[in-house]
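Note sheet for the following structure.
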Amino acid sequence: MKNLVFVDTEASYSKDVSSVCCVSLIVVDSSSLKEISKKTFFINSETIYDNYGNNSFVNIDINPERIKNAPTMAEVYKELKKYLNDNYIIVGHAVANDVRMLNKCFAKYNLPILKYSYLCSQMLYRIYKGDKENKSLEKVAYEMGKTFVAHHCEEDVAMSLETIRYICEKENHSLEQLLKSYDISLGLSYKHKDCSSSLVHRSIHARCEELFDTEPISFKADEFFTNKYFAFDEVFEKENFELLKDMVIIIKSHGGYCTNKIEQSSYFVSYPNIEVSKRKKYLLNHKDLVVTFIVPEEILSRK
């Protein structure tokens, strides 16, 4: 697994996400999670300084004078490029926000978007805890029994590293094992859109598409399956993904196909008591489609 670069960024103006004025980095060995080196860049954002609309900079050694005397992003870019590249995996708490801010700042100076993969420690902690909502670094630190200075670039990035160490220790896994165990894929900086996407847990839809594309383990022709297309209720997919895997193997190993395109399907797999989903509603509203409704047992019994 590639080594990691933990990152935290701060902006100087609340109405301009491109006003990056500080970037803190910690380079970490991905196997041992030991720190290799660290670096903090103060940057002249060349824009209004408003303390980000509150006192979020009260604990940071950032002030209008320091920013004014710092190099611009155009001057810092070459140094940042040594860390924010595809030789590393970039990690941060709510890291999609950092990626968005950096990309916006690069665009402001007509600089190419730096290409790298990234992982969110906030999302990882949520999955580890089994929570529905993400938690701020302050709340995570409190639950871990740690103290740190919030909204301080160097403190935030260090706390993000502590979060990853904590989860790996509690789960008794390396980070690489943890990503496999949690079925997590990485975000890509150059595909990051201007949105509040939290990445990086693959959607059920993406996981199903990947599952449908896999090859069968063996092949045994069966008229019920051969050249037939099977679509699944999305509620069933979401709640029964492990069972779905078994069904896909049976279908494909007997000459059938799996699809998310309802109009292409021969069979629609669902339990009668499942709420009326979008796909089921679509079929009920399109009587012209010749699709047979079946329950999972009709597939599983033909194993």
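None of the figures in this text is laboratory data; all of them are computed from the coordinates on show. Quantities reported herein were computed from a predicted structural model and do not represent experimental measurements. Note that we place each Cβ from the backbone using ideal geometry, even for glycine, and neighbour counts take in every protein chain shown.
With r defined as the distance between the Cβ atoms of Ile249 and Asn172 and R0 fixed at 30 Å, what FRET efficiency is calculated, to the nearest 0.05?
Working: r = 31 Å, r/R0 = 1.02.
Computed FRET efficiency for Ile249 and Asn172: 0.45.
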Along the dipole axis of the chain (charges at Cβ: +1 for Lys and Arg, -1 for Asp and Glu; origin at the Cα centre), the most positive-end residue among Ile184, Val17, Tyr257 is Tyr257
In the chain, if the dipole is taken from +1 on Lys/Arg beta carbons and -1 on Asp/Glu beta carbons about the Cα centre, which of Ala231, Ile67, Asn103 is farthest to the positive end? Ala231
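Of Lys15/Lys115; Lys78/Lys108; Lys228/Lys252, which ones are farther than 18 Å apart at the Cα? Don't skip to the end; give the middle numbers.
Details: Lys15/Lys115 26 Å; Lys78/Lys108 16 Å; Lys228/Lys252 10 Å.
From the list (Lys15/Lys115; Lys78/Lys108; Lys228/Lys252), the Cα-Cα distance tops 18 Å for Lys15/Lys115.
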Out of the DSSP beta bridges found with both residues in the range 3-191, what percent are antiparallel (nearest 5)? 65 percent
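Which value in deg cm²/dmol, rounded to the nearest 500, describes the helix-derived mean residue ellipticity at 222 nm for the chain, given -39,500 (n - 2.57) per DSSP H run of n ≥ 4 and division by the residue count?
On the way: 12 runs with 111 residues, N = 303.
Theoretical 222 nm ellipticity from helices: -10500 deg cm²/dmol.
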Which entry is the computed Cα Rg over 2.2 N^0.38 Å for this structure: [x] 0.97; [y] 1.25; [z] 1.12? [y]
Cβ charges +1 (Lys, Arg) and -1 (Asp, Glu), total dipole of the range 204-300, debye: 260 debye
To make sure I understand the rule: partners must be aspartates and glutamates, Cα under 15 Å from the Cα of Lys139, and not fewer than 8 residues away in the same chain. Which ones qualify? Asp131, Glu155, Asp156, Glu162
Pull up the cross-link candidates among the lysines for Lys238, meaning alpha carbon to alpha carbon under 16 Å and not fewer than 8 places away within one chain. Lys132, Lys278, Lys280
Within 10 Å, count the other beta carbons around each residue, average over each peptide in 163-171, 286-294, and list them highest first. 163-171, 286-294
Using a Förster distance of 30 Å, how high is the FRET efficiency between Glu210 and Lys78, based on the Cβ-Cβ distance and rounded to 0.05? 0.20
Which order, highest average first, do 180-191, 223-234 follow once you tally other Cβ atoms within 10 Å for each residue and take the mean per peptide? 223-234, 180-191
With the 8 Å Cα cutoff and a minimum separation of six or more residues, the chain has a relative contact order in percent of 14 percent
Evaluate the charge dipole of the chain about its Cα centre and quote only its size in Debye, nearest 20, assuming +1 on the Cβ of each Lys and Arg and -1 on the Cβ of each Asp and Glu. 440 debye
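Can you tell me the order of 107-114, 250-257, 30-37 when each peptide is scored by its average per-residue count of other Cβ atoms within 10 angstrom, highest first? Mind showing how you got there, number by number?
Details: 107-114: 14.1, 250-257: 20.2, 30-37: 12.4.
Packing proxy ranking, top to bottom: 250-257, 107-114, 30-37.
Hey, can you list the DSSP H helices of the chain whose Cα span along the axis is 27 Å or longer and whose average Kyte-Doolittle score is at least -1.0? Show your work: numbers first, answer last.
On the way: long enough: 153-171 (28 Å, -0.34).
Once both thresholds are applied, what remains is 153-171.
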How many angstrom separate the Cα center of the range 118-169 from the Cα center of the range 206-248? 37 Å
